[in-house]
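Each remark here refers to the structure printed beneath this line.
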Amino acid sequence: MVNIINSLTLLRIILAIIIAMLLMQNSSYLMALILFFFAGITDYFDGYLARKYKATSLLGEVLDPIADKILIIFILFALAVNLSSYIISFLGSFIVAREIWVSALRDYNARINKHDATKVTFLAKINKKITPIET
């Protein structure tokens, strides 16, 4: 099962390259969108299967966030180049900077043996902040 899960993660990296190449062709946006949707599904299923079957691996824990970053970075750069968009380039730079910052924090906490300080939680996975409504 671990091999299947890690294969889904590697597939996402391969899809990132294919999607970026498709975005460079003006007539292939729909196919790029379909493959991006499929890449998102593989991201969901590799996490779901790993939790369901308790089939986590060190390689998977390291490779999964890297695959996500590769996918987003390839797409942002391809769109910025193809559309000649300074706005996409500028916003993409913020996303890349944030990813570098988070990786640096995780590395720092690992070095001082505070692994739980930057452990990914379910709440962080859904990217939703729950706040009470003030009346």
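Couple of notes before you dig in:
- Candidates Ile19, Ile41, Ile13: the one that is surrounded by fewer than 15 Cβ atoms within 10 Å (Cβ to Cβ), under 30 Å from Arg106 (Cα atoms) and either of a type in the set (A, V, I, L, M) or within 12 Å of the chain's Cα centre (by Cα) (or both) is Ile41.
- Set Lys52, Lys69: member being loosely packed, with under 12 Cβ neighbours inside 10 Å and among the charged types (D, E, K, R): Lys52
- Criterion: at pLDDT below 90 and not in a helix (DSSP H, G or I) - qualifying residue of Asn113, Asn82: Asn113
- Total residues in the range 33-75 satisfying the condition of being among the small types (Gly, Ala, Ser) and free of Cβ contacts under 8 Å to residues at least 24 places away in the same chain: the figure is 1.
- Selection within the range 63-120 - touching a His at 6+ places or on another chain (Cβ under 8 Å) and of a type in the set (Gly, Ala, Ser): none
A quick yes/no check of all residues on (1) part of a helix (DSSP H, G or I); (2) within 24 Å of Met1 (Cα to Cα); (3) modelled with pLDDT under 90:
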{"site": "Ala39", "(1), (2), (3)": "yes, yes, no"}
{"site": "Gly60", "(1), (2), (3)": "yes, yes, yes"}
{"site": "Pro65", "(1), (2), (3)": "yes, yes, yes"}
{"site": "Glu99", "(1), (2), (3)": "yes, no, yes"}
{"site": "Ser103", "(1), (2), (3)": "yes, no, yes"}
{"site": "Asp107", "(1), (2), (3)": "yes, no, yes"}
{"site": "Ala124", "(1), (2), (3)": "yes, no, yes"}
{"site": "Pro132", "(1), (2), (3)": "no, no, yes"}
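- Some residue of the range 20-32 being touching a helix residue (DSSP H, G or I) at 6+ places or on another chain (Cβ under 7 Å), more than 30 Å from Val81 (Cβ to Cβ) and either aliphatic (A, V, I, L, M) or in a helix (DSSP H, G or I) (or both): no
The values are calculated or read from the model by the stated rules, or taken from the named source; none is laboratory data. Being a predicted model, the structure only gives us computed values, none of them experimental. Cβ atoms come from the backbone with ideal geometry, glycine included; neighbour counts cover every protein chain shown.
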